[in-house]
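Read through the structure below, which is laid out as structure tokens, and then see the notes.
Derivation of every value follows stated rules applied to the coordinates shown; laboratory data play no part. Keep in mind the model is a prediction, meaning the values are calculated, not measured. Glycine also receives a Cβ, built like all others from the backbone with ideal geometry; neighbour counts cover every protein chain displayed.
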Amino acid sequence: MSGCRSGAELIGPYVLNALEPEEMDEVRRHLAGCPRCAAEARSLGGLPALLDRVDVDDVVAVPSPELEEQVLDRFVRERPRMRPQRRRWQRLAVPALAVAALVVAIMVVALPGGPDRAYARAELWSMPAGGGAAGTAEVEEVSAGTHVKLRAEHLPVGSGRAYELWCVRTDGRWVNGGSFHARGDGSAAAELTAAVSPGEYHVVVITRRSSGGERGSEVMRGKLSY
Amino acid sequence: MASSDATLVEKLPFDRSGDELRMLYRRYAPELFGFATSALRDRELAEEVVQDVFAQLWRHAGDYDHRRASVRTWLYAIARNRIIDAHRRAAARPQRADDDSLDTAAELDASLEHALLRWQVTAALARLSPQHREVIRLAHFGGLTMREIADRTGVPVGTVKSRTSYALRHLRLIFDEMEMEP
């Protein structure tokens, strides 16, 4: 898994049609013979159409700080009127369902091979601080969350070998999956567990180890394919 | 470990402190507000929409079924209905000569899709570093080549090229995080 450093840095400019004509031709020829770069070009190819949807000066609107308190105030005012009431059938159904769930759980554990597990895999790409690193992450669901089997090469080790794994949830929150050390040659193999279910996220990020409460710089990223 | 969205919604009917609601608000209010502002072009109306969305959330938390939709999808569906209501209220008022109210349901639908996409792309660009945003701005919106950007900014052309590739790759991953398919 060596990646393709020479072609990779031209794909972004190629997708934006921002290379000189002879360079565009050169990239086209390269893509015809390099499946990895061709996949990268396909992955980025839809971005210009999305960028066309906005004006360059559009800014992200942020709600006023007072809105949060207004929402909470309204909640506090309405709360006494909306106490949950449990119906009679629900009072009977809850213990019955608990017994049924226990029976099912015992049956599943007792069956050969145990419960089904979700699997996913991510190809990890180098970020600016990654210096051309590349890797893979294989994900397996376990009772504590996600077990991640990580393999990496070409990690920059000049300024420290400690790295951290993160799972980025769909709401943008980052869940730490633990730290690992690269070998002297920049390779790494680690098995880590993150307290988040595989279905709750689909982006894996490797960063330098956090320091002073600050997350380290991003080294690699990748999207999980389930 | 932070609670999942579905767990927070399940706890809402029993939420005495408002903590669950506050957590859901902090996760989703900014993006719902962005969507509503993009659709309504009015901050005040957008804040009303966000208030209504969360009021609906706690009133109907007991009806939420995580097998049918994620909390995010559910909240966007409520927001969408509230925005449509706001458009209808505006349409019921006497129209000014310069009023560009939307006439048909299809137009309104298309307008909401456009507003959502526009907000998502704007929010994604805002999450890029200033350097990455700048190369995209100059190359895509400004129509400059890598060499022209290098000349204009004084940054070596090789750096401009790799920066552009990293910027697009990062943007793509942000869209992945937002569950958007270019």
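Can you work out the FRET efficiency for the pair A:Arg121 and A:Glu191, with r the C-beta to C-beta distance and R0 = 22 Å, to the nearest 0.05?
Working: r = 15 Å, r/R0 = 0.66.
The value I calculate is 0.90.
Give the dimensionless ratio obtained when the Cα radius of gyration of segment B:1-86 is divided by 2.2 N^0.38 Å. Walk me through the intermediate numbers first.
On the way: Rg = 12.6 Å, N = 86, 2.2 N^0.38 = 12.0 Å.
Here the Cα radius of gyration is 1.06 times the empirical estimate.
Rounded to the nearest 20 Debye, what is the dipole magnitude of segment B:1-66 about its Cα centre when Lys and Arg each give +1 and Asp and Glu each give -1 at the C-beta? Display every interim value, and only then the final one.
Numbers: 8 positive and 13 negative charges, 38 e Å.
Dipole of segment B:1-66, to the nearest 20 debye: 180 debye.
What is the spin-label model distance, in nm, from B:Phe141 to A:Ala162 if the labels are put 7 Å beyond Cα along the C-beta direction?
4.0
Hey, rough spin-label estimate for B:Arg68 and A:Val76, points 7 angstrom out along Cα→Cβ, what's it come to in nanometres?
3.2
In whole angstrom, how far apart do the alpha carbon centroids of segment B:1-70 and segment B:165-179 sit?
Cα centroid to Cα centroid, the span is 26 Å.
What average number of partner chain Cβ atoms lie no more than 10 Å from the Cβ of the residues making up B:106-119?
1
Take peptides A:21-33, B:125-137 and line them up by average Cβ neighbours within 10 Å, highest first, as a rough protection proxy.
B:125-137, A:21-33
Starting from the Kirkwood Rh over alpha-carbon pairs, what translational D in µm² s⁻¹ does chain B have by Stokes-Einstein at 4 °C and 1.567 mPa s? Write down the numbers at each step before the final one.
Details: Rh = 19.0 Å.
Estimated via Stokes-Einstein, D reaches 68 µm²/s.
Among A:Ser197, A:Leu165, A:Thr207, whose Cα lies farthest out toward the positive end of the dipole of segment A:157-226, if unit charges sit on the beta carbon of Lys, Arg (+1) and Asp, Glu (-1)?
Farthest towards the positive pole: A:Thr207.
Per residue of A:42-53, count partner chain C-beta atoms within 10 Å of its C-beta, then hand back the mean as an integer.
Numbers: counts 0, 6, 6, 3, 5, 11, 5, 1, 12, 11, 3, 7.
The shielding value for this peptide is 6.
Can you list residues whose amide H is under 5 Å from A:Thr193's amide H, if they're 5+ apart or on another chain and H is modeled 1.01 Å from N?
Here the answer is A:Val148, since their amide H atoms fall under 5 Å of that of A:Thr193.
Which lysines have a Cα less than 20 Å from the Cα of A:Lys149, not counting those fewer than 8 places away in the same chain?
List returned: A:Lys223.
For A:Arg36 and A:Glu20 in one chain, what is 0.36 nm times their gap in residues minus the Cα-Cα distance, to one decimal in nm? Intermediate values should be presented prior to the final figure.
Working: separation 16, 0.36 × 16 = 5.76 nm, distance 2.27 nm.
Once the chain is fully extended between A:Arg36 and A:Glu20, it gains 3.5 nm.
Classify segment B:102-148 from the C-alpha gyration tensor, please: rounded if a/c falls under 1.5, else prolate or oblate depending on whether a/b exceeds b/c. Kindly include the intermediate steps, with their values, before the conclusion.
Details: a/c = 6.45, a/b = 2.36, b/c = 2.74.
Oblate shape, in that a/c is at least 1.5 and b/c is the bigger or equal ratio.
What does the net charge come to around A:Val157 if you take all other residues with beta carbon closer than 10 Å to its beta carbon, with K and R at +1 and D and E at -1? Working shown, then result.
Details: positive: A:Arg161, A:Arg183; negative: A:Asp185.
After counting each charged neighbour, the total is +1.
Taking K and R as +1 and D and E as -1, what net charge do the other residues with C-beta under 10 Å from the C-beta of A:Ala18 add up to?
Numbers: positive: B:Arg147, B:Lys161; negative: A:Glu20, A:Glu23, B:Glu148.
With Lys, Arg at +1 and Asp, Glu at -1, the neighbours total -1.
Subtracting the Cα-Cα distance from 0.36 nm times the residue separation, let me have the gained length for B:Glu179 to B:Thr153 in nm, one decimal.
Values: separation 26, 0.36 × 26 = 9.36 nm, distance 3.38 nm.
That works out to 6.0 nm of additional length.
Considering every residue in B:133-144, what mean count of other chain Cβ atoms within 10 Å of its Cβ is obtained? It would help to have the intermediate numbers written out before the result.
On the way: counts 1, 0, 4, 7, 3, 3, 9, 9, 6, 2, 3, 2.
Whole-number average of other-chain Cβ neighbours for B:133-144 is 4.
Quick check: pseudo-label points 7 Å beyond the Cα along Cα→Cβ at B:His60 and A:Ser210, how many nm apart are they?
The answer from the label model is 3.7 nm.
Which net charge results for the neighbourhood of A:Leu224, defined as the other residues with beta-carbon distances under 10 angstrom from its beta-carbon, given Lys and Arg at +1 and Asp and Glu at -1?
Overall, the nearby charge balance is -1.
Distance between Cα centroids, segment A:171-196 to segment B:114-148: provide it in whole Å.
Measuring centre to centre over Cα atoms gives 30 Å.
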